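This report concerns only the one structure given below.
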Amino acid sequence: MLCSTVRDMSMEVRVEAFYALGKIKLVSEDILLQTLSKRVLVTTKGKGSFAQCSDEQLEVSGSSVAGAFVHGLEDEFHEVRKAACHALRTLAILSAKFAGEALNLLMDVLNDDSILVRLQAFETMHQMTTFDLLKVQEAHMHMFLGTLVDNDILIRSSARKVLKLAKLPQLKMFRLTIDALLENMERYPQDEADALSALFHIGRNHGKFVVRMIEEVSPQMEPISNGELDFDSMRVAGLLVLAISAPVSDERDCNIPPAIFSYAVTYLGRISHALSDIINQNSLLDYLSRCSRSPGPYDVEFNNFNFKEGEPCLPLLENDGSTCTSNKMTGSAETSEMVSPIMEPREVGTSLVAYQLEVHDEVTKLVNVVLARAKDIWPLVQSGFVNEVMRTLRSCKEELATFTSDSLPSAGVLPFTKQYVQIMKLLTKAWMNFLPSVLFPPYGMGELDLVLRKLDTRLRDLKSTFIRLSKREELHILELILVTCVLRLSKVEICCHLRTLRKLSSTMSQVESLLRDGSLEPSRFITEVEKLSSETGTSLNEASCNPRLFQSALESFSLKQLVLSGGIKHVNAELDIPDNSYENPLRFVAGLPIGIPCHITLHNVLAESRLWLKMTVNEDDDSTRFVFLDLNLFGGSEDIRIFTFSPPFYGTPKACSFTIRVCICMECLSEVEDVSSVKSRGPRHELTYLCREKDVYLSMIK
């Protein structure tokens with residue numbers, strides 16, 4: 001039985017045993033409860049179904065399953081403890097009683113030495129809250145709320161994520177939670193936005209408690225001297241957000257003094273930033289204004305203010321100041337718009353004007369909304385919901401196809417975002433193979449290697465063919481390149497480890513260069529890879545290629561929000577072979593060189609770029625020839641160069657006709673030099689293609 005293997009001598013066997021336990025679909029409640037207690041409670045006879053296994057009768061001994069999860073959560077290896085938490089995550093939804101008992105064990109796990117185990121415990125609790133199975137008790141509060149002041153930002157964020165959905169049965173517990181969140185904001189100002197969001201969600205779930213608490217603390221929200229609010233008080237901001245959540249609570253007759261909504265208007269920038277996942281700024285202002293004119297009850301509904309229940313919503317743009325009622329994104333002027341992520345407390349008029357001036361280009365705003373949706377899929381990727389992820393990405397792609405941009409600032413934004421969505425698709429496909437909890441067969445090594453190769457190519461193209469990126473945008477791309485390297489190094493079956501290690505080291509050097517001035521903070525994943533890179537170097541040995549080291553680094557990766565600032569330029573080319581077709585081929589003499597007339601247009605190619613004309617006969621790679629394009633010989637500027645060039649093709653075959661495939665390539669100078677091509681006269685670095693290949697038809701003169 002699986003429960004007996006969780007005590008196996010091999011750590012790897014114990015890990016796999018718990019992951020297998022997590023896949024069980026049908027098991028009796030008595031057996032589940034027995035796994036949480038070392039003391040034998042029952043001996044029962046029941047039916048066990050392992051996914052699609054046979055439904056033969058199994059004689060289950062209480063002693064064989066007794067305390068299986070207790071042993072797992074107390075295991076000396078953090079990998080086993082994490083696997084045990086993961087198994088609890090999937091089994092908890094089978095029984096409310098089991099979930100309640102498991103919660104007692106999970107509270108102890110919050111003190112675990114490994115941050116990965118603690119994060120998995122939070123994920124398990126979040127799963128319980130999603131199914132309304134998290135029954136919080138007063139005895140749990142001290143342990144749980146203590147994580148809100150933990151030194152690790154991921155722990156604090158995970159705790160708030162659980163609290164957003166938790167149901168608190170007592171006013172005392174509600175007060176403790178609110179005070180803990182307020183302390184969280186005061187101790188860690190960088191958490192303000194997410195903490196305010198958590199306060200709003202908790203208020204919506206506990207409207208009556210909000211009213212009781214606001215009655216007690218309302219004097220703290222009153223203006224100080226000269227009738228002004230204390231804008232520096234995070235506590236005031238938190239209490240205001242809690243108060244304004246009451247009218248949209250599921251509980252009725254939650255009346256709040258109208259003046260409080262007027263006070264909240266003065267915090268509009270900070271509050272709209274915190275609540276950007278459920279309402280946009282204009283709708284929030286409309287909501288506060290209406291509530292400030294009513295003592296209650298409030299005649300407000302979610303649809304009237306573009307609130308969206310249960311999931312994040314795309315903020316909407318009201319181009320005439322009226323409230324928009326649809327959240328469907330189109331390519332028109334009434335389309336979605338990103339609320340500026342940086343807003344200081346200020347007067348309403350100044351705040352709105354500054355908001356409108358943050359991003360001048362409309363297409364960039366729309367694209368940022370799509371990118372926000374792409375970022376929101378990452379929790380689904382980590383949970384293995386590949387169909388939902390792919391459906392969302394297809395929707396993003398379709399929406400991007402409806403956008404058109406004639407303005408110069410956004411000329412490169414659309415192609416950049418389209419390529420980024422393709423990268424997300426490939427990253428999702430690759431990531432599925434590294435999840436131990438996937439419920440579908442993993443890719444074969446050949447197919448996985450192909451996906452990773454495509455991912456490498458797309459990321460290389462994204463980094464090389466788009467210029468004028470901000471430091472933050474460039475760092476985001478480099479982090480994705482690091483992820484691809486680590487994914488490849490996590491599979492011992494995939495070859496080219498030495499080359500991947502070199503690329504990892506080279507990319508890490510570029511990341512360190514970006515972070516040197518201190519204007520950007522590295523993510524936890526980058527920090528882990530930096531440590532790993534310094535330990536392994538580029539030497540190929542047993543230690544440096546240990547997949548377990550890189551798998552551990554992968555667990556710290558979380559996709560960040562990419563917000564484009566505009567001004568991106570797309571490096572591309574247009575190639576035309578005039579007066580050439582299958583019916584009108586170029587004429588050649590076998591054995592003699594022939595010039596290929598090429599009409600070339602280059603867009604946004606920098607002067608230091610190294611461009612090549614690649615020519616291949618009949619798709620035979622052995623016949624590939626490269627001709628260097630010296631930009632100093634051609635006129636024009638970096639924005640556009642138009643010229644005609646006739647590269648010679650040597651070694652024409654003794655054939656009646658043949659086809660040459662021609663395209664323009666650019667060396668990726670930031671990539672590791674290709675040692676195999678050093679002795680040749682061709683490019684020395686990886687290539688990215690600036691245009692589609694063009695067929696040139698040739699026919700021998702008879």
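The values are calculated or read from the model by the stated rules, or taken from the named source; none is laboratory data. Computed from a predicted structure; not experimentally measured. Here the Cβ positions follow ideal geometry from the backbone for every residue, glycine too, while neighbour counts run over all protein chains shown.
Figures for the structure shown
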{"item": "Within segment 247-272, tally of residues that are within 21 Å of MET185 (Cα to Cα) and out of contact with any Ser or Thr (no Cβ under 6 Å at 6 or more places or on another chain)", "result": "9"}
{"item": "Only one of ILE494, ILE477, ILE481, ILE526 that is under 22 Å from MET424 (Cβ atoms) and either outside the structural domain of PRO547 (by TED's automatic domain parsing) or modelled with pLDDT under 85 (or both)", "result": "ILE494"}
{"item": "Answer residue from segment 470-526, given it is under 24 Å from SER157 (Cβ atoms) and of a type in the set (Gly, Ala, Ser) and is surrounded by the fewest Cβ atoms within 10 Å (Cβ to Cβ) among those", "result": "GLY518"}
{"item": "Search result, residues across segment 6-43 that are part of a helix (DSSP H, G or I) and within 18 Å of ALA66 (Cβ to Cβ)", "result": "ARG14, ALA17, PHE18, LEU21, GLU29, ASP30, ILE31, LEU32, LEU33, GLN34"}
{"item": "Sole residue being of a type in the set (Val, Ile, Thr), out of contact with any helix residue (DSSP H, G or I) (no Cβ under 8 Å at 6 or more places or on another chain), under 12 Å from CYS663 (Cα atoms) and touching a residue at least 60 places away in the same chain (Cβ under 8 Å), chosen from ILE594, ILE600", "result": "ILE600"}
{"item": "Residue selected from segment 688-702 under the condition over 34 Å from the mean Cα position of the chain (by Cα) and either modelled with pLDDT of 80 or more or of a type in the set (Phe, Trp, Tyr) (or both), by the criterion farthest from ARG458 (Cα to Cα)", "result": "ILE701"}
{"item": "First in segment 369-383 and outside any helix (DSSP H, G or I), second anywhere and crowded, with 17+ Cβ neighbours inside 10 Å and of a type outside the set (Lys, Arg), Cβ under 8 Å, 6 or more apart", "result": "ILE377/VAL389; ILE377/THR392; ILE377/LEU393; ILE377/MET424; ILE377/THR428"}
{"item": "Tally of residues being at pLDDT below 90 and in a helix (DSSP H, G or I) across segment 510-523", "result": "0"}
{"item": "Checking VAL136 against (1) surrounded by 20 or more Cβ atoms within 10 Å (Cβ to Cβ); (2) modelled with pLDDT of 90 or more; (3) not basic (Lys, Arg), the condition it does not meet", "result": "(2)"}
{"item": "Enumeration of residues in segment 29-55 that are at pLDDT 85 or above and hydroxyl-bearing (Ser, Thr, Tyr)", "result": "THR35, SER37"}
{"item": "Selected residue (criterion: surrounded by the fewest Cβ atoms within 10 Å (Cβ to Cβ)) from residues of segment 415-435 that are in contact (Cβ under 8 Å) with a residue 60 or more places away in the chain, of a type outside the set (Ser, Thr, Tyr) and part of a helix (DSSP H, G or I)", "result": "PRO415"}
{"item": "Count - residues of segment 660-687 that are in a strand (DSSP E or B) and either β-branched (Val, Ile, Thr) or modelled with pLDDT under 80 (or both)", "result": "3"}
{"item": "Residues located in segment 119-137, provided they are part of a helix (DSSP H, G or I) and free of Cβ contacts under 8 Å to residues at least 40 places away in the same chain", "result": "LEU119, GLN120, ALA121, GLU123, THR124, MET125, HIS126, GLN127, MET128, THR129, THR130"}
{"item": "Matching option when the condition is surrounded by fewer than 18 Cβ atoms within 10 Å (Cβ to Cβ) and touching a residue at least 60 places away in the same chain (Cβ under 8 Å), among LEU154, LEU176, LEU196", "result": "LEU154"}
{"item": "Unmet requirement for ALA411, which otherwise passes all of (1) modelled with pLDDT of 80 or more; (2) under 30 Å from ARG610 (Cβ atoms); (3) more than 19 Å from the chain's Cα centre (by Cα)", "result": "(1)"}
{"item": "Some residue of segment 101-116 being within 33 Å of the chain's Cα centre (by Cα), in a helix (DSSP H, G or I) and at pLDDT below 90", "result": "yes"}
{"item": "Residue in segment 71-82 that is modelled with pLDDT under 85, surrounded by fewer than 17 Cβ atoms within 10 Å (Cβ to Cβ) and of a type in the set (A, V, I, L, M, F, W, C) present", "result": "no"}
{"item": "Enumeration of residues in segment 266-290 that are assigned to a helix (DSSP H, G or I), of a type in the set (A, V, I, L, M, F, W, C) and at pLDDT 85 or above", "result": "ILE271, ALA274, LEU284, LEU285, LEU288"}
{"item": "Given (1) within 27 Å of ARG524 (Cβ to Cβ); (2) touching a residue at least 60 places away in the same chain (Cβ under 8 Å), number of the condition PHE98 does not satisfy", "result": "(1)"}
